[in-house]
Amino acid sequence: MTSKPSLNVLLAGPRGFCAGVDRAIKIVEEAIRRYGAPVYVRHEIVHNRFVVQALERQGAIFVEELDEVPDDAPVVFSAHGVPKSVPTEATRRKLMYLDATCPLVSKVHREAEHHFARGRHILLIGHEGHPEVIGTMGQLPDGAVTLVEDEEHARTVEVPAGKPVAFITQTTLSVDDTAGIVAALQGRFPTIAMPAKEDICYATTNRQAAVKAIAPRTELMIVVGAPNSSNSLRLVEVAERAGCAKAIMVQRGRELDLAIVEGVSSIGVTAGASAPEVLVEEVLARLRERYELVMEEVVVAEERITFKLPAALNA
């Protein structure tokens, strides 16, 4: 029997689910248990098809807007947050709703309100069209927030004359990219108000730090995540910038083309904050089809944060 070639695998730690994602999924599961199926969910609860399909099998129905939700059905808002118009409309229709917005996203919403109340124009560093950005901008009247997507834009963005300026950020950005954008904004607006505590969430920061720790030791980085997941996309970028020759994203183990691993002696494996550990195990199982894996876990931080469920589900 021919023995398999060995392959060094560096597992990034932490990886996978964060506290906000874990809470959002539990809210949907508990709502189904308490109220019975179906429970409607506005937008993907988190950006991962495996998670969404698992919840669908339990009785969740995912919709894009509230007009698709019957009057007598419970509805859950996704972890990314929603514009204020959404709960306002739900209240008008007397819908029973649960808000699964990550508490760290809600913190950014409160910051935006704080700056607006003090007469500041707000610059939001983030990606246009991302649900979190739409939700954050939707906390305030049109024109109160200007989106800044990159360093080049930061050097040219226009703000209302005579108004003080503040910045906030999407929670799932590249730490390094954001630092460059912030530096550009501070160069242009020396008195710009900034978050008391960084808006990029602990989970995003920790997952990027873990990738940076293993990237120089690997020839290939496999990121388990979804193409519409901002934090997963950032992990691919971070790996390549940190010295890994190639970084790819896969959603499931079966998607991994083993031809890409040929000739590689050391790979890194991580997962975005909305990807469950079972999908990492799928990737490792796929690799074991051809290789004897020599595993090493590189842990840069221990995460013990948990978030409570909404009061309605604790009663």
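Okay, here's what the table says:
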quantity: Unique match (being hydrophobic (A, V, I, L, M, F, W, C) and in the same structural domain as residue 223 (by TED's automatic domain parsing)) among 11, 95; calculated: 11
quantity: Residue that is farthest from residue 27 (Cα to Cα), among those in segment 43-88 that are of a type in the set (Phe, Trp, Tyr) and touching a strand residue (DSSP E or B) at 6+ places or on another chain (Cβ under 6 Å); calculated: 62
quantity: Those residues of segment 23-42 which are surrounded by 19 or more Cβ atoms within 10 Å (Cβ to Cβ) and either at pLDDT below 95 or out of contact with any Phe, Trp or Tyr (no Cβ under 7 Å at 6 or more places or on another chain) (or both), in sequence order; calculated: 24, 25, 27, 28, 31, 39, 40
quantity: Residues (touching a Lys or Arg at 6+ places or on another chain (Cβ under 9 Å), within 26 Å of residue 10 (Cβ to Cβ) and hydrophobic (A, V, I, L, M, F, W, C)) located in segment 168-200; calculated: 173, 175
quantity: Number of the exception - residue 195 against (1) farther than 25 Å from residue 153 by Cβ; (2) in contact with an Asp or Glu (Cβ under 8 Å, 6 or more places away or on another chain); calculated: (1)
quantity: So residue 22, is it part of a helix (DSSP H, G or I), free of Cβ contacts under 8 Å to residues at least 40 places away in the same chain and not polar (S, T, N, Q); calculated: no
quantity: Residue, farthest from residue 104 (Cα to Cα), within segment 54-81, restricted to residues that are of a type in the set (A, V, I, L, M, F, W, C), surrounded by 20 or more Cβ atoms within 10 Å (Cβ to Cβ) and in contact with a Pro (Cβ under 8 Å, 6 or more places away or on another chain); calculated: 60
quantity: Residue in segment 80-97 that is in contact (Cβ under 8 Å) with a residue 40 or more places away in the chain and within 17 Å of residue 200 (Cα to Cα) present; calculated: yes
quantity: Of the criteria (1) over 27 Å from residue 231 (Cβ atoms); (2) touching a residue at least 24 places away in the same chain (Cβ under 8 Å); (3) of a type outside the set (A, V, I, L, M, F, W, C), which one residue 72 fails; calculated: (2)
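The values are calculated or read from the model by the stated rules, or taken from the named source; none is laboratory data. Computed from a predicted structure; not experimentally measured. So basically every Cβ, Gly included, is an ideal-geometry build from the backbone, and we count neighbours across all protein chains shown.
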